[in-house]
């Protein structure tokens, strides 16, 4: 094959590749193992955690503070750390916590089944949450914002108090959905306006049958 034809083929292949939402492409391929964020030790022992219906509690104050401040999981209370099920599932899969109920230890597989019974969208939400975390993107749950996740630029500390610079605010709000998800324009409009109101970008994170995630950005435009 001549150099000219080879160059044309490379250009064609590049054009066919799917572009990711603005800002996400620079995070692609930057997979960061859980527990190796800035300031966190490389090796961490398992922390005891207890399941209570739709929450998981960590009572060890020092361990709770470490998980909260270094990796941005959960809500830190005076005497405990409260984890959402999806946060606890990832920590459990990565062997960061040892999950207990009143009788025995709970395996990741059993806990995953338990969460799936409570949340019909747990599969999609967990796959997306894990993908965002493994990209090294600080990711928080988005319940109070009416979305699945709030995501920040790599390197941002989402727990920072007081005045923030523009890049330190939420970058994306993410909705995790299955590939065959059906929705109306009103639902999409609400999601886009929600993102616009907090100066963030809205992403549909679409999970296919093979558990692969594709991100689609929908923006608000005023002519």
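The values are calculated or read from the model by the stated rules, or taken from the named source; none is laboratory data. The model shown is predicted, which means the values in this text are computed figures rather than measured ones. All Cβ positions, glycine included, derive from the backbone under ideal geometry; neighbour counts span all protein chains shown.
Any residue at all in the range 199-209 that's outside any helix (DSSP H, G or I) and at positive phi? Let's see the steps before the verdict.
Residues of the range 199-209 outside any helix (DSSP H, G or I): 199-209.
Next, only the ones that are at positive phi stay: 199.
Yes, the range 199-209 contains at least one residue that is outside any helix (DSSP H, G or I) and at positive phi.
Exactly one residue out of 140, 123, 154, 150 is under 29 Å from residue 198 (Cα atoms) and assigned to a helix (DSSP H, G or I): that is 123. Within the bounds of the range 161-178, is there any residue that is part of a loop (DSSP other than H, G, I, E, B), in contact (Cβ under 8 Å) with a residue 12 or more places away in the chain, exposed (fewer than 14 other Cβ atoms within 10 Å of the Cβ) and touching a strand residue (DSSP E or B) at 6+ places or on another chain (Cβ under 9 Å)? The answer is no, given that none of the residues of the range 161-178 is part of a loop (DSSP other than H, G, I, E, B), in contact (Cβ under 8 Å) with a residue 12 or more places away in the chain, exposed (fewer than 14 other Cβ atoms within 10 Å of the Cβ) and touching a strand residue (DSSP E or B) at 6+ places or on another chain (Cβ under 9 Å).
Might you let me know whether the range 129-137 holds any residue that is at pLDDT below 90, closer than 19 Å to residue 91 by Cα and either touching a strand residue (DSSP E or B) at 6+ places or on another chain (Cβ under 7 Å) or assigned to a helix (DSSP H, G or I) (or both)?
No; the residues of the range 129-137 include none that is at pLDDT below 90, closer than 19 Å to residue 91 by Cα and either touching a strand residue (DSSP E or B) at 6+ places or on another chain (Cβ under 7 Å) or assigned to a helix (DSSP H, G or I) (or both).
Take the conditions under 19 Å from residue 217 (Cβ atoms) and in contact (Cβ under 8 Å) with a residue 40 or more places away in the chain and apply them to residue 127. Does it pass? Yes, satisfied. Please enumerate the residues belonging to the range 56-82 that are touching a helix residue (DSSP H, G or I) at 6+ places or on another chain (Cβ under 7 Å) and either surrounded by 21 or more Cβ atoms within 10 Å (Cβ to Cβ) or within 26 Å of residue 120 (Cβ to Cβ) (or both). Of everything in the range 56-82, those that are touching a helix residue (DSSP H, G or I) at 6+ places or on another chain (Cβ under 7 Å) and either surrounded by 21 or more Cβ atoms within 10 Å (Cβ to Cβ) or within 26 Å of residue 120 (Cβ to Cβ) (or both) turn out to be 56, 58, 73, 74, 81.
Every residue, every condition in (1) at negative phi; (2) in a strand (DSSP E or B), yes or no:
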| position | (1), (2) |
| --- | --- |
| 78 | yes, no |
| 95 | no, no |
| 98 | yes, yes |
| 110 | yes, no |
| 113 | yes, no |
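Looking at 47, 103, just one residue is farther than 21 Å from residue 143 by Cβ, modelled with pLDDT under 95 and surrounded by 14 or more Cβ atoms within 10 Å (Cβ to Cβ), and that residue is 47.
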